[in-house]
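The values are calculated or read from the model by the stated rules, or taken from the named source; none is laboratory data. This one's a predicted model, so the numbers in the text were calculated from it and none came from an experiment. When we count neighbours, we look across all protein chains shown, and the Cβ atoms used for this are built from the backbone with ideal geometry, even at glycine.
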Amino acid sequence: MAVTKVWLDESENECTMCGACEATCPEVFEVPEKMVVKNSPKLELTDEIVEAAEGCPVGTIAIEYDGSGKRDNPM
Ligand code: SF4
């Protein structure tokens, strides 16, 4: 599966600005305050993006696969 979009999803929790996602995958995430996805993120870094999402303590990193049009990873 290919990652086609990644974004901050605060529908259940708020980003705590911990910086873990940027530490795991700085090519995609930065945390100037709350997390933002960089311009032209390297979505081909699937393993790092998934690792960052799984390591987010509040589950606010959403991933869409294959243009599904929805969040595909668990909260
Ligand atoms: S790991 Fe999650 S809570 Fe921490 S800065 Fe990234 S998005 Fe925010």
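Taking the condition acidic (Asp, Glu) and surrounded by 14 or more Cβ atoms within 10 Å (Cβ to Cβ), does residue 64 pass? So residue 64 passes the test. Figure legend. Inter-residue proximity from the stretch 1-29: first residues over 11 Å from residue 55 (Cα atoms), second residues more than 8 Å from the ligand (Cβ to nearest atom) and at pLDDT below 95, beta-carbon distance below 7 Å, spacing 6+ or different chains. Indicated pairs: 12/75.
Determine whether residue 23 is out of contact with any Lys or Arg (no Cβ under 7 Å at 6 or more places or on another chain) and modelled with pLDDT of 95 or more. Give the steps one after another, and end with the answer.
Working: out of contact with any Lys or Arg (no Cβ under 7 Å at 6 or more places or on another chain): yes; modelled with pLDDT of 95 or more: yes.
When the stated conditions are applied, residue 23 passes them.
Is it true that some residue in the stretch 7-22 is assigned to a loop (DSSP other than H, G, I, E, B), surrounded by 13 or more Cβ atoms within 10 Å (Cβ to Cβ) and more than 12 Å from the ligand (Cβ to nearest atom)? No, the stretch 7-22 contains no residue that is assigned to a loop (DSSP other than H, G, I, E, B), surrounded by 13 or more Cβ atoms within 10 Å (Cβ to Cβ) and more than 12 Å from the ligand (Cβ to nearest atom). Against the numbered list (1) part of a loop (DSSP other than H, G, I, E, B); (2) surrounded by 14 or more Cβ atoms within 10 Å (Cβ to Cβ); (3) within 13 Å of the ligand (Cβ to nearest atom), residue 27 comes up short only at (3).
The rows are residues; the columns are (1) in a loop (DSSP other than H, G, I, E, B); (2) touching a residue at least 40 places away in the same chain (Cβ under 8 Å); (3) closer than 12 Å to residue 8 by Cα.
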| position | (1), (2), (3) |
| --- | --- |
| 33 | yes, no, no |
| 40 | yes, no, no |
| 48 | no, no, no |
| 51 | no, no, no |
| 54 | no, no, no |
| 58 | yes, yes, yes |
| 62 | no, yes, yes |
| 69 | yes, no, no |
| 73 | yes, no, no |
